[in-house]
1. Would you mind stating whether residue 31 is within 30 Å of residue 5 (Cα to Cα), assigned by TED's automatic domain parsing to the domain that holds residue 5, surrounded by 13 or more Cβ atoms within 10 Å (Cβ to Cβ) and at pLDDT below 95?
2. Among the residues of region 71-95 satisfying the criterion of being in contact (Cβ under 8 Å) with a residue 24 or more places away in the chain and part of a helix (DSSP H, G or I), which is nearest to the chain's Cα centre (by Cα)?
3. Which of the following residues is under 16 Å from the mean Cα position of the chain (by Cα) and free of Cβ contacts under 8 Å to residues at least 24 places away in the same chain: 12, 28?
4. Can you tell me how many residues within region 41-89 are at pLDDT below 95, farther than 16 Å from residue 109 by Cβ and exposed (fewer than 12 other Cβ atoms within 10 Å of the Cβ)?
5. Considering only residues that are modelled with pLDDT under 85 and at negative phi, which ones fall in region 15-28?
6. Keeping to region 94-129, report how many residues are in contact with a strand residue (DSSP E or B) (Cβ under 9 Å, 6 or more places away or on another chain), farther than 16 Å from residue 78 by Cβ and modelled with pLDDT of 75 or more.
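The values are calculated or read from the model by the stated rules, or taken from the named source; none is laboratory data. None of these values were measured; they are calculated from a predicted model. Neighbour counts are summed over all protein chains in view; Cβ atoms, including those assigned to glycine, are modelled from backbone coordinates with ideal geometry.
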């Protein structure tokens, strides 16, 4: 891993079949609300890790993977709870076992959306947002 901007921008090593001698890199950029830079959230990365562990559990079940899945869900819940508490909410009203399936707000990326409440509009999910309003590849219509 190479840190480009601490906490916000990274190059991660990427390997592929038959490419052991040559490492490639992929960029991971987190949103930077201070500089208003676009990027993903820690919560979205957790959702992707949860999906990956669920797939590996289907292919090769193990107690260790089950524990990893539970811990990743706990991390996602705690990150969402921290945001909720910072906005005066007292909880994240979703089942821990299904938290990765709850669609986040397309504007702020969180489950407990305060951006819609502040603007007087309703919380919009990715599915409710027209494809033309989104950057290609952010999230498919299927979820």
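1. On the way: within 30 Å of residue 5 (Cα to Cα): yes; assigned by TED's automatic domain parsing to the domain that holds residue 5: yes; surrounded by 13 or more Cβ atoms within 10 Å (Cβ to Cβ): yes; at pLDDT below 95: yes.
It is true that residue 31 is within 30 Å of residue 5 (Cα to Cα), assigned by TED's automatic domain parsing to the domain that holds residue 5, surrounded by 13 or more Cβ atoms within 10 Å (Cβ to Cβ) and at pLDDT below 95.
2. Checking each candidate, the answer is 76.
3. Details: 12 fails: under 16 Å from the mean Cα position of the chain (by Cα).
From the options 12, 28, the qualifying one is 28.
4. Number satisfying all stated conditions: 1.
5. Going through region 15-28, the residues modelled with pLDDT under 85 turn out to be 15-24.
Correct list: 15, 16, 17, 19, 20, 21, 22, 23, 24.
6. Residues in region 94-129 being in contact with a strand residue (DSSP E or B) (Cβ under 9 Å, 6 or more places away or on another chain), farther than 16 Å from residue 78 by Cβ and modelled with pLDDT of 75 or more: 3 in total.
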